[in-house]
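The values are calculated or read from the model by the stated rules, or taken from the named source; none is laboratory data. Please read these numbers as outputs of a predicted model, since none were measured by experiment. Glycine gets a Cβ as well: all are built from the backbone with ideal geometry, and neighbour counts include every protein chain shown. These accessible areas exclude ligands, DNA and RNA; they are computed on the full protein's heavy atoms, side chains included. Shrake-Rupley method; radii C 1.70, N 1.55, O 1.52, S 1.80 Å.
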Amino acid sequence: LLAYETVPYAPLLLAGGLVLAAVVAARPMAGVYVAVLVLPLEYLDVTVGGAFALSATEALLALTAGVAAIRFALAGSIGRVEPALAAFAALVAISLVGVTFAEDPFTVARITTMWAVFLIVAALVASAPPDQVERLLVCLAVVGGVLGAITILGLEGQEALEGGAIVS
């Protein structure tokens, strides 16, 4: 019935999403790896949700941050807090205050939520053992190669703005 209401492969996507959620619940760093590896989907503009639409990467990072936040809460600590993470947390808190003064509070709340997700994921990566960080670096290298190939092959048009200072 889900396939009739949406697309034929929706049940497969749902099953894959449930398996991925279970893997992330068991190993949160796996969520970071997969979120990095799906970055090329940003070119395809794959989003989930309506007004609060998320890219595949954002959705995976949000899931990972939720799992990591629960784990940090159950452990009672996130471990040693690096000064950079403390400063990042202060900026997210200041941004949260800005929601009350914004002309468009929904947009500011969405941006603040995403930055809070990035903060939790950064704390997760900072507390990860070296072998997990090395795997993350391998994922970044692979994605860098894929995105470089997409750019070289011209699969996505490029545009130079501001006299070439910004290329998108």
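Computed values, structure above
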read-out	value
Test result for V167, modelled with pLDDT of 85 or more and either open to solvent by 40 Å² or more (accessible area, probe 1.4 Å) or not aromatic (F, W, Y) (or both)	no
Pair list, Cβ < 7 Å and 6+ apart or interchain, from the stretch 80-96 residues that are within 19 Å of I111 (Cβ to Cβ) to residues that are assigned to a helix (DSSP H, G or I) and among the β-branched types (V, I, T)	V92/T112; S95/T112; L96/T112
Whichever residue in the stretch 59-75 is free of Cβ contacts under 8 Å to residues at least 40 places away in the same chain and over 16 Å from the mean Cα position of the chain (by Cα) and, among such residues, is surrounded by the fewest Cβ atoms within 10 Å (Cβ to Cβ)	L74
Any hit, the stretch 76-93, residues being part of a helix (DSSP H, G or I), over 17 Å from the mean Cα position of the chain (by Cα), of a type in the set (D, E, K, R) and exposed (fewer than 15 other Cβ atoms within 10 Å of the Cβ)	no
Of all residues in the stretch 3-58 being assigned to a loop (DSSP other than H, G, I, E, B) and at pLDDT 90 or above, the one that is farthest from I111 (Cα to Cα)	R27
Inter-residue pairs, beta-carbon under 7 Å, first open to solvent by less than 30 Å² (accessible area, probe 1.4 Å) and in the stretch 102-126, second of a type in the set (D, E), 6+ apart	M114/E58
Test: residue in the stretch 151-164 that is at pLDDT 90 or above and open to solvent by 80 Å² or more (accessible area, probe 1.4 Å)	no
